[in-house]
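Below: one structure, written as structure tokens.
The values are calculated or read from the model by the stated rules, or taken from the named source; none is laboratory data. Note that the structure is predicted; figures quoted are calculated from it, not measured. Reconstructed Cβ throughout: ideal geometry from the backbone, glycine too, with neighbour counts over all protein chains shown. When the accessible area is computed, the model is the full protein with side chains, heavy atoms only, and any ligands, DNA or RNA have been set aside. Shrake-Rupley method; radii C 1.70, N 1.55, O 1.52, S 1.80 Å.
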Amino acid sequence: MLRSVNVGMPREASWAGIGRTSIDKAPVAGAVEVHRLGLAGDQVSDTRHHGGPDQAVYAFACEELDWWATQLGDDLREGEFGENLTTQGLAIDDSEVGERWRIGTTLLEVASVRTPCNDFKSWMGRNGHDNGAWVRRFAEHARVGAYLRVLQPGVLAAGDSVEIVHRPGHGVTASLMFRALTREPELLPRLLEVDGLVAQARHRAEEFVASAAGAYRPVAPVN
């Protein structure tokens, strides 16, 4: 189920890397239009590192928010991690890359994963949370939610069901993708099993495979 739909517009922020940020998102009521590049009323600030068709919508599970609230000893509101969609009863990090969800009249596809950054760390600190080593802690947990492509624009709203209409079956989950791109590069070849893999991840995986092949030197047979 969709717990909340959260949007935010760019705001000036001296602590952000580019001097502005859109991480502060808040739930909105009623139907929200979804277009190819995201939600109505939501806008990316740092277009170099965020946004575009492969990062149109960011989804995060309320169960993971609750887990972090326990770790931090603080309450966390929906949208506080900068997510557009807060879900309930859906293990987003165990979803397969390429998995498709029907929500309202939209069709969304799991495309990529979030990489935590210093702006996220600063944002947590400004909200009064313990942000010590936040980037490392968030990465070690390796349950970072998922970026979604919009395959079919439409409308969605809090309370809508999330119907999984396609699962590729390759077993490459969002969590595995994140681990491969960050802390466990030996998993990178698995990403090549994904049809429509985002270009940056494909490049990383192909480089790793080529490097590994180049490092292999067969021993000449002894006559």
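When the Gaussian network model of the chain links Cα atoms closer than 10 Å, the mean-square fluctuations of LEU192, LEU148, LEU156 top out at LEU192.
Of all the options HIS129, HIS49, HIS35, the one that moves most in a Gaussian network model of the chain with Cα springs shorter than 10 angstrom is HIS49. Taking all protein chains into account, the per residue accessible area for the stretch 1-120 stands at 43 Å² (1.4 Å probe). Counting Lys and Arg as +1 and Asp and Glu as -1 over every other residue whose Cβ lies under 15 Å from the Cβ of PRO185, the net charge comes to +1. Each other residue within a Cβ distance under 14 Å of PHE81 adds +1 if Lys or Arg and -1 if Asp or Glu, for a net charge of -3. Based on Cα contacts under 8 Å between residues 6+ apart, the chain shows a relative contact order of 24 percent. Within the set of other residues whose C-beta is less than 14 Å from the C-beta of ASP94, count the net charge using Lys and Arg as +1 and Asp and Glu as -1. Overall, the nearby charge balance is -2. Computed about the Cα centre, the dipole magnitude for the chain is approximately 540 debye when only Lys and Arg (+1) and Asp and Glu (-1) carry charge, each at its Cβ. For the stretch 78-223, the carbon plus sulfur part of the accessible surface works out to 49%, probe radius 1.4 Å.
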